Amino acid sequence: MINEKDCSGLVLVTDLRPLKKRENELALFRRAFEYSGNAIVITDNEGVVEYVNPGFFRLTGYSAAEVKGHTLRLLKSGLHDSDFYRLLWTTIKEGGTWRGRIVNRRKDGSHYWETMSVGPIFDNEDTITHFIAVKSDISEPVAMEKELSRFRQAVDQSADGFLLTDDRWRVNYANPAWARMHGYSNDEMENLPLYVFFSPLRDKEIAVPFIKEVYERNSFSGELTQWRQDGTHFPCLVTATRISLEGESHDEFMIFSKDISDQMDNLRQLQEAKEQALVASRAKSAFLANMSHEIRTPMNAIMGMAYLLRDSDMASQQHHQLDLILNASESLIELVNNILDYSKIEAGKLDLEIRPFDLGEVLADIAGILETSAVDKGLELISTINGDTNLFFKGDALRIRQVILNLAGNAIKFTKQGEVEISVELQRVDERSCEAMFKVRDTGIGIDKEHHELIFESFAQADVSMTRKFGGTGLGLGISKQLVELMGGEIQLESSPGEGSLFSFTIPLEYTDSTADRKTDLQEDLSSLSSLDILLVEDNSANRQLATMLLDKQGHNVTTAHNGLKALESLAENKFDVIFMDMQMPVMDGLTATRIIRQIEERQSVNGKIPVNLCLKISARLAGGHLRIIAMTANALAEDRERCFSEGVDDYLTKPYNPDMLSNALRFCSETRNHESGLKEDSVCATTSINVADNTGVSGAGILDFLKQEYELDQESAQEILEMYCLSLRKGLAELKLAIGSDERSEMESHAHSVKGALLNIGLAEQAEIAKRMEFSARKNEACDYPQLFKQLSDGVAVLLD
C-alpha cells in the first residue's frame, strides 16, 4: 500500500482568457468582413486568393469557391495598360498601400468602376505574407461624373451664354461664351451681380426684369436687352430656371442667353425687303391700273363706234374693214386682260365667283365665238357633252369659259387642216356634285415632249419662232394652268409633233336647282324688256356719246351728266331707274357720288359740302327706295372692283363695253328694291325731326316753318320741298293701303318704311312713329290692327294732303 504521506504531485494551471479574447476578436473581424458592404479580398504574397467575403460576390458575381486559388487577373477589363498594374504591384510589394479607381469586369462580362485600397499584411518578422484589398462599386457616381463632364464640356463649348448664380443672384459659374458676349474675362466673371448684364449703369443696382417671374413661376423665357462691359447693348433670348437643391437651404439659378443680333438684323432686312416688295407691287399694280385705264378708255370709243357702224348700211368691204378693227381691238383688250389676270394670280388676289350656270350655254357660247375663226381656216369645230344630262352647276363659268377659249383658240391657231373638238365628260360623284373633265383636241402641229412643261410657264412658248409666225405672248396657257389649279383641278397635255394635241383638265362642280334659277332668269329677262329711265354719268364725251347711242338703240331713255355733282343735281330733278356711273371724273368722282346717294337712302349724315335742299330733293325722289348704280371704269384690278362695291354700287362694268354687256347689266335692274332691315332712323343731312302737329291735325304752315328753320330754306324752296313730299306721301299711303287690303306683309313693310322716311324729313315724328310700328310689325309678321293704324296715320296728315 502506498503511504499517502509519501506521495507528492505537480499541478499546472493555464490562463486561457487571452486566447479566448483573441478568438473573440478574430470572430468579430470575420463577422465584420462577412457583413461589410464592401468587397474584401485576401491573397497570399503572390496574389493568389485565399479569402473573399460575400460583398465580393455581390460586386463581381464570382463565388468564393470560383476564385480561391486563382489570382484576380480574371477581373481585368483590358481597359488599363500594363504600366497601371506594374505600378500597383510595385507599390504593394514595397510595403506601400495603393489607392485608386479601376475598371474591372464582372462574371457576366459587364464592366464596372470601383475604388480599391490594397496593402500588405506583415508577420512578426515584418515579412509580407499576404495582401488585403477593399473594393467599393462607384459605377453610378462615375456615370454621373461623366454626364456632368459632358454637360460641362457642352456648356463650355456652347456659342450661347450659360450662367449659374447663387440665391443672391451672384455668379457662381459662367461659361466662356457668356464672358465673351459681355466683354469680360473668365476671372472677372466670378461673383459678379447679375444686374450688371441687364443695366447700362454697372454701379447702380437695378431689378433684373425676370427675377420676380422666376420666383413666382420657377422659370422665365423671353427677349431682353443685355449690356456689355463697354456700355454697348444687344438683343438676346433669355431663359432662366430656378434650381432647388436637395438638402440645401438655398436655391440656385441657371440662365441661358442667346445673342439674337443676327436674327434681328435678318428680320429687319426681311421686313425692309417685304416693304420694298410691297412698294414695288403697289407701283406695279398702279402702273397696270393706269395702263389698263389709258388703253381701255379710247378702246371703248373705238370698239363701240365700230359696233354701231357695223350695224349700219355700208359696203361689204367697209364691213370687212370694221371687222378687222374689232378683231384687232379685241386682241389688244385680251392682252390687257391676260396681263391683269397674271398680275392678280401672281399676287394671290384672283378670286373665283361661284354662281349658278348652264354648262350647255357656256359651251354653246364658246362654239359661237370660235366658229368664225374655225370656218375661216376650213376647220371643223366639234362640241360634245357626255355623261350626266343635268347641266346646271355652281362654279365660276367665266373662268371655265376663259380656259376653254384659250385652249380651243390655240388649237385653231396651230391647226392647218382637220378638226378641233371640245368635249366634256361628266362623272357623277354623289347627288350634289360631279367631276367634269374638259378636253380640247386638235389635229394641228403638235408639241415636242420636252416642251410640255415649258409651255405652261408664263411668257413661254414651245418654239420662239411661233411668236413670229402665229403671234401671242405666251401668257394664256400659264394663266389657264393656274386658273384650273385655283378651281381644284390639274391641266394635262398629250401631244407629239405632227400628231396634234390633247389638252384636258378635271374640276369638281356642284349641282344646282335649274328650275328655280331658270325662273329667276326669266323674271330678270322680263324686267329688262321695258324701257328704263337711265342716268349716264361719264366725263369722256366720246364714251358718253357712245353709251347714249347704244342705250338709245335698246329703247331706253338716257339723261347724261359729266361729273358726280351734276349727277346729284339731275337726280334731284328727275326719277331714274338706274345710274351708269363712271368712277374717275373731275369735280366729284363716281365713288363720292355713290356714297352720297347711299347715305341719303339710308338717312345718314351726308359727308361733303352738299346743299341741304339738294339732299332733300334727292330724298324725295328716292322715296325711301334703293336706286341701282352700275359702276363703269377702265380700271380692271380686283381692288378697284372691291372699292366700288364697298361704296355701294350694285354692278360693275369694265371698259370697253359692248351692247351685250350693257343689256346684261340692265337685265338685273328693277325699278325699286326693298331696303335691308335695321336701317338707321336718322334724317337726311343729320337733322332732328320735331313734331309740328297739333290736336286738330298737321299744320302746313308749321311744316313750312320747320323746313325753313331746320334746313335754312327760303319760302319758295320750302314750299317746293313740301309739295314734293306731299306727292310722295300720297303715293306711299295709297300703296300702303293696297298692301294692307291684300295682306302683303313684305309690301306693307316696304311702303310703311318709305312713308316713315318722308314723314321724318318734314318733321312729323308722331305720324312717323305710327308708320314705324306698322313697318316693324309687318317685318316680324306680327298680328296687328293695320287698318286702324293706317286710319290714325292718314287722319293725321289728311289736312296736309287735301
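Pairwise Cα separations in region 351-512 fall into 5 Å bins from 0 onward with the following percentages, short to long: 2, 9, 18, 22, 21, 15, 9, 4, 1, 0. Structure note, pairs 575/772; 609/731; 617/772; 737/772: Cα-Cα distances above 27 angstrom occur for 609/731.
Residues of region 244-267 falling in the label zone of residue 164, defined by backbone nitrogen less than 12 Å from a point 7 Å along Cα to beta-carbon, are 245, 252-255.
One Cα centroid belongs to region 64-82, the other to region 223-264; the line between them spans 51 Å. For a straight C-alpha distance cut-off of 18 angstrom, the aspartates and glutamates reachable from residue 708 (same-chain residues fewer than eight places away being disregarded) are 716, 720, 723. With the highest mean first, a sort of the peptides 210-219, 413-422 on other beta-carbon atoms found within 10 angstrom per residue produces 413-422, 210-219. Lysine pair count for region 351-512 (Cα-Cα distance under 30 Å; residues 8 or more apart in sequence or on different chains): 22.
Computed from the coordinates by the stated procedures, all read-outs in this text should not be read as laboratory data. Not measured: the values here are computed from a predicted model. Positions of Cβ are backbone-derived with ideal geometry, glycine not excepted, and every protein chain shown enters the neighbour counts.
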